[in-house]
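Notes follow once the structure below has been shown.
Laboratory data are not the source of any read-out in this text; all were calculated from the coordinates shown. Keep in mind it's a predicted model, so treat the numbers as computed, not measured. Here Cβ is always computed from backbone atoms with ideal geometry, including for glycine, and neighbour counts include all displayed protein chains.
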Amino acid sequence: VSFTIWVYITLKLNPEVTCVFSSSCLLPCQFQFDSDPVIHWIYLITGDPHIHSYYSNQDQLGHQDQRFKGRTSLFKDQISRGNASLLLRGVKVQDQGRYQCFTSTTGGNQKSFINLKTETPVSEVSISQEGNRITCSSEGIYPEPELTWSTSPPSNMELQDRPRVQQTEEHSSDVPVSNFTWRFNHSQIILTKTEGETSSRVSEEWRKHVEEVSESGSLTLKDLSSTHEGVYTCEARNKEETIISNIFLRISKFFQRLNKCKM
Ligand SMILES: *[C@@H]1O[C@H](CO)[C@@H](O)[C@H](O)[C@H]1NC(C)=O
């Protein structure tokens, strides 16, 4: 009996929401409405960044984490009905994880949790035949799909090659990297990010040139001149491995996006 109750409680507290990559997604949250509610949506990873807050009858985005900038909204007309659901737009693979909806009214505080998963469903499959070889392929699927071949009616056909599922660059570079360092001409440190820190430390000299550093380690530089032509090195580390990639930058415009540092 106690086992059954435990399962029930787990499911109730941690509902799962599956969001389709790059589309909009609803994170449900219900509360007991009372006048002047406070709503905080928090992403439960290191540092518990704020995603969206609402109090004094308006959105309060002063402490909003950069990663969620311009991608969140509440349904204002629904708040008085006890609906604090959050709309998250442009869902990224990095948005996966656990979220908390915290509400506070004169009647008390309430917390609820959501597990967010992302997926990119199979949208198109192409199949072709060349002699006795049949090729079937599809791209941009996340997470890794299962792949099987069968015939109709069923037969004992033998596959010559085992079906292959290949990880493409775009998704591997979407994976957050815990530690990375960018260097210029093998010596000058541009920036470093170490595990547990929410943002990277940019050196004084490079501060005015660093426009953006993504979660996956991509670096975007701005206001560059010919003195910035040279070799840029990204060293990315996680528990298992270290990957070093060199990029030669030639200045032709005043704005350049460096290649991604893949991990
Ligand atoms: C909360 O509001 C959203 C947007 O109108 C709606 O889609 C959702 O179904 C509502 N949730 C509930 C439980 O009413």
Inset, instruction - Just list whichever of LYS111/LYS239; LYS76/LYS208; LYS69/LYS222; LYS76/LYS222; LYS111/LYS193 have alpha carbons separated by over 29 Å in the model shown. - result: LYS111/LYS239; LYS76/LYS208; LYS76/LYS222; LYS111/LYS193
Legend entry - Per-pair calculated FRET efficiency, R0 = 35 Å: THR46 and GLU205 via Cβ, rounded to 0.05: 0.80
Legend entry - Rh by Kirkwood over Cα pairs, then Stokes-Einstein D for the stretch 179-249 at 1.567 mPa s and 4 °C, µm²/s: 104 µm²/s
Inset, instruction - Please report, in debye to the nearest 20, how large the charge dipole of the stretch 179-249 is about its Cα centre when each Lys and Arg carries +1 at its beta carbon and each Asp and Glu carries -1 there. - result: 100 debye
Legend entry - Cα-Cα P(r), the stretch 16-119, percent of pairs per 5 Å interval: 3, 13, 25, 27, 19, 10, 3, 1
Legend entry - Protection proxy ranking, peptides 243-250, 30-37, 89-96, average beta carbon neighbours within 10 Å, highest first: 89-96, 30-37, 243-250
Legend entry - Burial ranking of peptide ranges 47-55, 186-194, 75-83 (average Cβ count within 10 Å, highest at the top): 47-55, 186-194, 75-83
